[in-house]
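The values are calculated or read from the model by the stated rules, or taken from the named source; none is laboratory data. Only a predicted model underlies this, so the values are computations on that prediction, with no experimental measurement involved. Neighbour counts are summed over all protein chains in view; Cβ atoms, including those assigned to glycine, are modelled from backbone coordinates with ideal geometry.
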Amino acid sequence: MTGSAVGLGNIWKFPYITGENGGGAFVLLYLGCVFAVGLPILVSEVLLGRRGRRNPISTMEILGQEEGGSRHWRVVGTLGMFAGLLILSFYSVVAGWALAYALKSALGAFAATDARTAAVEFFAFTSDWKLLLGWHAVFMAMTVFVVAAGVQHGLERAVRVLMPLLVIMLLVLVVYSARYGDFEETLTYLFEPDFSELSGESMLIALGHCFFTLSIGMGVVMAYGAYLPEGTSIVTSSLVVVLADTAIALLAGLAVFPLVFGNQLNPAEGPGLVFETLPIAFGQLPAGALFGTVFFLLLTFAGWTSAIGLLEPAVAWVVEKFQRSRVFGAVLIGFLTWLFGTTTVLSFNVLGDFKFGRGTLFHNIDFLASYILLPACALLITVFAGWIMCRNSSSEELAIGSGLLYKGWRLLSRVVAPVAILVIAFRAVGLI
Ligand code: PHE
């Protein structure tokens, strides 16, 4: 679950959306969402997965029948699976950038890089759509390979070693940025909320990102919950995931923003932010080329363990529904998702000026998946676990007695989380 939660969402997405939404107030709201809405829903989703012990669509169908007398709850599984594929389509493009940047760093491309050359480099790189498509293909092939082979154990061991390593490298970057960038300005920017910066839409983005970063609402943690042994505490596991995930996102922010302010860059630079700032550090640090290579490889790894989770539910569904092999399912879905991902590749070059709704095609796909579908699925999950499922089932599955902890979860998942999602959604469309 940690492997799935920690990924590009923490290191690539969190800094740039924080920059686009004005900093402190956004961060505070994001933290509030993570603990008051994300955590209880994460607990609920794992709980449903362990109770159903099947793929997410069948789990929701069966639990829906058992607890609520309706099989239509399966729509949560279907919508989530669809959202997961939409996310994977752009996720694997950006993970491809990370892979390419590892190679660039190894080849010494960032030696003595400054803010201007880093931006020029990123622009030149993303302008070459054929190259992006190639890296996108490499990353998707890596993901398909693991899902097709059904590898789990090696990965779990790798997560245990490589995630702490990623944290250590982030810490080194934070120390570098604090020393050579503008750390004071960063602290003010990230932790002194100015609520006048916070629009209804920014609130929706904070909420949606809380689901994105914790991998909630896509059936992914439901699928993992199905494998969780009886004796393992759902609440403790979820809390560990949430704390690790949040800490890594904040560290990424503390590494990126001092470089932004120290080099007079624009915090609202957009999806290229991390790729335009961290190379500055790699250009100056001793053994920076090696450091940069390892960092981008670790970032790719973190993205990889997340991408596997995004692909898995759809593949499990194809295998069960059409009685085909895992290899067939993984290759087919992986290929179709890769093909759809060309929309994101082209959004950064050929179709860069083709804007509607939220911006480029990439922005619209991200918006639909992360800020509409995920909150909708998360709402259904929390309503199901809190209101439809009977008290005995949830308290038996959580096994935390019926004391304060259980009451706290129930209050959060029945009232706080649904109300927060509805209020934020209504505000974003201007109804309140
Ligand atoms: N949580 C992952 C991240 O932050 C993205 C993800 C979402 C992965 C959903 C799996 C499922 O990068």
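Does Gly150 count as on the phi > 0 side of the Ramachandran plot and not acidic (Asp, Glu)? Working first, answer last.
Details: on the phi > 0 side of the Ramachandran plot: yes; not acidic (Asp, Glu): yes.
Yes, satisfied.
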Out of the residues in segment 220-244 meeting the condition of being within 16 Å of the ligand (Cβ to nearest atom) and in contact with a Ser or Thr (Cβ under 8 Å, 6 or more places away or on another chain), tell me which one is farthest from Glu45 (Cα to Cα).
Ala244
Taking the condition out of contact with any strand residue (DSSP E or B) (no Cβ under 7 Å at 6 or more places or on another chain), surrounded by fewer than 21 Cβ atoms within 10 Å (Cβ to Cβ) and in a helix (DSSP H, G or I), does Phe296 pass?
no
Quick one: count up the residues across segment 225-257 that are farther than 23 Å from Ile205 by Cα and surrounded by 22 or more Cβ atoms within 10 Å (Cβ to Cβ).
2
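Filter segment 314-341 down to residues that are polar (S, T, N, Q) and closer than 17 Å to Asn55 by Cβ, then give me how many there are.
To start, the set of residues in segment 314-341 that are polar (S, T, N, Q) comprises 323, 325, 337.
Now restrict to residues that are closer than 17 Å to Asn55 by Cβ: 323, 325.
Of the residues in segment 314-341, 2 are polar (S, T, N, Q) and closer than 17 Å to Asn55 by Cβ.
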Qualifying position, being surrounded by fewer than 24 Cβ atoms within 10 Å (Cβ to Cβ) and outside any helix (DSSP H, G or I), among Ala119, Ala36, Ala109
Ala109
Specify the residue that is farthest from the ligand (Cβ to nearest atom); the eligible residues are those in segment 1-15 that are assigned to a helix (DSSP H, G or I) and among the aliphatic types (A, V, I, L, M).
Ile11
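Select the helices (runs of 4 or more DSSP H) contained entirely in segment 329-421, then report the ones holding at least 3 residues which are at pLDDT 95 or above and among the polar types (S, T, N, Q).
Values: elements: 342-347, 361-366, 374-383, 391-398, 404-411.
By residue number, 342-347.
In this structure, is Lys13 under 25 Å from Ala417 (Cα atoms), of a type in the set (D, E, K, R) and modelled with pLDDT of 95 or more?
Details: under 25 Å from Ala417 (Cα atoms): yes; of a type in the set (D, E, K, R): yes; modelled with pLDDT of 95 or more: yes.
The answer is yes for Lys13.
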Taking the criterion of being within 15 Å of the ligand (Cβ to nearest atom) and farther than 25 Å from Leu422 by Cα, would at least one residue in segment 253-260 satisfy it?
yes
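Residues are listed down the side, and each one gets a yes or a no for (1) in contact with a Gly (Cβ under 8 Å, 6 or more places away or on another chain); (2) within 14 Å of the ligand (Cβ to nearest atom); (3) in contact (Cβ under 8 Å) with a residue 60 or more places away in the chain; (4) among the aliphatic types (A, V, I, L, M):
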{"position": "Glu67", "(1), (2), (3), (4)": "no, no, yes, no"}
{"position": "Met81", "(1), (2), (3), (4)": "yes, yes, yes, yes"}
{"position": "Leu99", "(1), (2), (3), (4)": "no, no, yes, yes"}
{"position": "Thr113", "(1), (2), (3), (4)": "yes, no, yes, no"}
{"position": "Ser127", "(1), (2), (3), (4)": "no, no, yes, no"}
